[in-house]
Amino acid sequence: MATSTDPPKSPTDPSSLTAEEKHHLITRNLQEVLGDDTLRKILPERNISIYWGTATTGKPHIAYFVCIAKISDFLKAGCAVTVLLADLHGYLDNLKAPWELLAHRVKYYEFIIKSMLESIGVPLEKLKFVRGTDYQLSREYTLDVYKMTSVVSQ
């Protein structure tokens, strides 16, 4: 029960949500939820982390609002959301993203995604972006790919 000394809770403040309310936000409008029992056990203890990726192949369009609406639910439920901007994938996918434009596309996608979320009143404190080439072009990643290739080709 709130007292007069408690700070007012914002309607988008995840700390004011019960585990059941968080579960509802996380799972609503999903056709299927795998691991629901595990999710229900975790939510009373801590928030979960979400990972979503998109290739930076062209202009984001109205269909992105479907994914953005779900990401909105995750953020409102207190989840930490990491968005992979798959720039190398965009380049390798039939050159849909020219090499010279990869960095610009990443900035553009990050701006558009943040703007879409802000336009529907979503808190962005737990949202972060990673760029595929930041690790896919690293020495460690390349060695892992070679190791996996050697195992798969046996």
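Please specify each residue of the range 59-113 satisfying the condition of being surrounded by fewer than 19 Cβ atoms within 10 Å (Cβ to Cβ), within 30 Å of Arg46 (Cβ to Cβ) and touching a Phe, Trp or Tyr at 6+ places or on another chain (Cβ under 8 Å).
Within the range 59-113, Cys67, Thr82, Leu84, Glu110 qualify.
Hey, can you tell me all the residues within the range 35-75 that are in contact with a strand residue (DSSP E or B) (Cβ under 8 Å, 6 or more places away or on another chain) and among the polar types (S, T, N, Q)?
Within the range 35-75, Asn47, Ser49, Thr54, Thr56 meet the criteria.
Looking at the range 1-28, which of the residues that are at pLDDT below 80 and small (Gly, Ala, Ser) is farthest from Phe74 (Cα to Cα)?
Checking each candidate, the answer is Ser4.
Looking at the range 117-133, which of the residues that are of a type outside the set (Gly, Ala, Ser), loosely packed, with under 14 Cβ neighbours inside 10 Å and out of contact with any Ser or Thr (no Cβ under 7 Å at 6 or more places or on another chain) is farthest from Ala97 (Cα to Cα)?
We begin by selecting, within the range 117-133, every residue of a type outside the set (Gly, Ala, Ser); these are 117-118, 120, 122-131, 133.
Going one step further and asking which of them are loosely packed, with under 14 Cβ neighbours inside 10 Å, we end up with 118, 120, 124-125, 128.
Keeping just the survivors that are out of contact with any Ser or Thr (no Cβ under 7 Å at 6 or more places or on another chain) gives 118, 124-125.
Details: Glu118: 26, Leu124: 27, Glu125: 29 Å.
That would be Glu125.
Within the bounds of the range 32-53, is there any residue that is farther than 30 Å from Leu17 by Cα and either of a type outside the set (Phe, Trp, Tyr) or assigned to a loop (DSSP other than H, G, I, E, B) (or both)?
No: zero hits.
Taking the stated definitions as given, is Val66 more than 11 Å from the chain's Cα centre (by Cα) and within 30 Å of Leu95 (Cβ to Cβ)?
On the way: more than 11 Å from the chain's Cα centre (by Cα): yes; within 30 Å of Leu95 (Cβ to Cβ): yes.
For Val66, the condition - more than 11 Å from the chain's Cα centre (by Cα) and within 30 Å of Leu95 (Cβ to Cβ) - is met.
Which of the residues spanning the range 54-68 are touching a residue at least 12 places away in the same chain (Cβ under 8 Å) and in a helix (DSSP H, G or I)?
Hits for the range 54-68 are Tyr64, Phe65, Cys67, Ile68.
Does Arg139 count as exposed (fewer than 11 other Cβ atoms within 10 Å of the Cβ), of a type in the set (Lys, Arg) and over 30 Å from Glu20 (Cβ atoms)?
On the way: exposed (fewer than 11 other Cβ atoms within 10 Å of the Cβ): yes; of a type in the set (Lys, Arg): yes; over 30 Å from Glu20 (Cβ atoms): yes.
Answer is yes for this residue.
Filter the range 11-56 down to residues that are among the hydroxyl-bearing types (Ser, Thr, Tyr) and more than 19 Å from the chain's Cα centre (by Cα) and give me whichever is farthest from Ala103 (Cα to Cα). Talk me through it step by step, then tell me what you get.
So the first thing to find is which residues in the range 11-56 are among the hydroxyl-bearing types (Ser, Thr, Tyr), and the list is 12, 15-16, 18, 27, 38, 49, 51, 54, 56.
The next check asks that each one be more than 19 Å from the chain's Cα centre (by Cα); those that pass are 15-16, 18, 38.
Numbers: Ser15: 36, Ser16: 38, Thr18: 40, Thr38: 38 Å.
Once the filter is applied, the top-ranked residue is Thr18.
Among the residues of the range 99-117, write down those that are among the charged types (D, E, K, R) and more than 15 Å from the chain's Cα centre (by Cα).
Listed by number, the residues that qualify are Glu100, Arg105, Lys107.
The values are calculated or read from the model by the stated rules, or taken from the named source; none is laboratory data. Remember, it's a predicted structure, so these values are computed and weren't measured experimentally. Cβ atoms come from the backbone with ideal geometry, glycine included; neighbour counts cover every protein chain shown.
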